[in-house]
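Engineer: Take this structure, written in structure tokens, and hold onto it; I'll ask about it next.
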Amino acid sequence: QVQLVESGGGLVQPGGSLRLSCTASRSIFTINTMGWYRQAPGTQRELVASVGGGGIRNVTNSVKGRFTISFDSAKNTVFLQMNSLEPEDTARYYCYARYLSNQYWGQGIQVTVSS
């Protein structure tokens with residue numbers, strides 16, 4: 001099993017930045033894929049960014065150039081750096097980990113972009 005603990009959300013003005021962190025309970029080298037989904041009220045959960053084997057990273061088109069996913073293997077932590085935030089980025093962000101054949105989720109963290 002994998003437990004995930006998220007931090008770093010909050011309220012930010014348009015154009016601002018936030019960094020989300022997700023710490024796993026086991027070495028991230030043992031985890032197939034980690035990343036972030038987000039879900040705004042009344043919408044489906046969408047994949048934002050992921051990092052997989054070999055450090056291959058993917059970022060969805062709507063945030064490309066603004067969001068960056070990275071990791072610190074010594075801390076078993078994955079980060080989502082979010083710059084140039086827009087009101088449309090307002091959502092609850094969920095860290096996930098795919099380990100063996102199972103998917104695990106963090107509790108979610110709120111990001112609100114508003115003036």
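The values are calculated or read from the model by the stated rules, or taken from the named source; none is laboratory data. In this text the structure is predicted, and so the values were computed from the model without any measurement. For neighbour counting, all protein chains shown are included, and Cβ atoms are generated from backbone atoms with ideal geometry for every residue, glycine included. Calculation scope for accessible area: heavy atoms of the full protein, side chains included, ligands and nucleic acids excluded. Shrake-Rupley method; radii C 1.70, N 1.55, O 1.52, S 1.80 Å.
Engineer: Suppose we keep only residues that are outside any strand (DSSP E or B) and within 17 Å of Ser70 (Cα to Cα) within the range 1-21. Which one would you say is most open to solvent (accessible area, probe 1.4 Å)?
Structural biologist: Ser17
Engineer: Looking at the range 43-66 only, could you name the residues that are of a type in the set (D, E, K, R) and open to solvent by 50 Å² or more (accessible area, probe 1.4 Å)?
Structural biologist: The first filter runs over the range 43-66 and keeps only residues of a type in the set (D, E, K, R), leaving 45-46, 57, 64, 66.
Selection gives Arg45, Glu46, Arg57, Lys64.
Engineer: Out of Ala40, Ala24, I need the residue that is over 22 Å from Ser114 (Cβ atoms) and either open to solvent by 20 Å² or more (accessible area, probe 1.4 Å) or touching a residue at least 40 places away in the same chain (Cβ under 8 Å) (or both). Which one?
Structural biologist: Working: Ala40 fails: over 22 Å from Ser114 (Cβ atoms).
Just one listed residue meets the conditions, Ala24.
Engineer: Conditions: (1) in contact with a strand residue (DSSP E or B) (Cβ under 7 Å, 6 or more places away or on another chain); (2) surrounded by 13 or more Cβ atoms within 10 Å (Cβ to Cβ); (3) at pLDDT 95 or above. Ser84 meets all but one. Number of the miss?
Structural biologist: Evaluating Ser84 over (1) in contact with a strand residue (DSSP E or B) (Cβ under 7 Å, 6 or more places away or on another chain); (2) surrounded by 13 or more Cβ atoms within 10 Å (Cβ to Cβ); (3) at pLDDT 95 or above leaves (1) as the failure.
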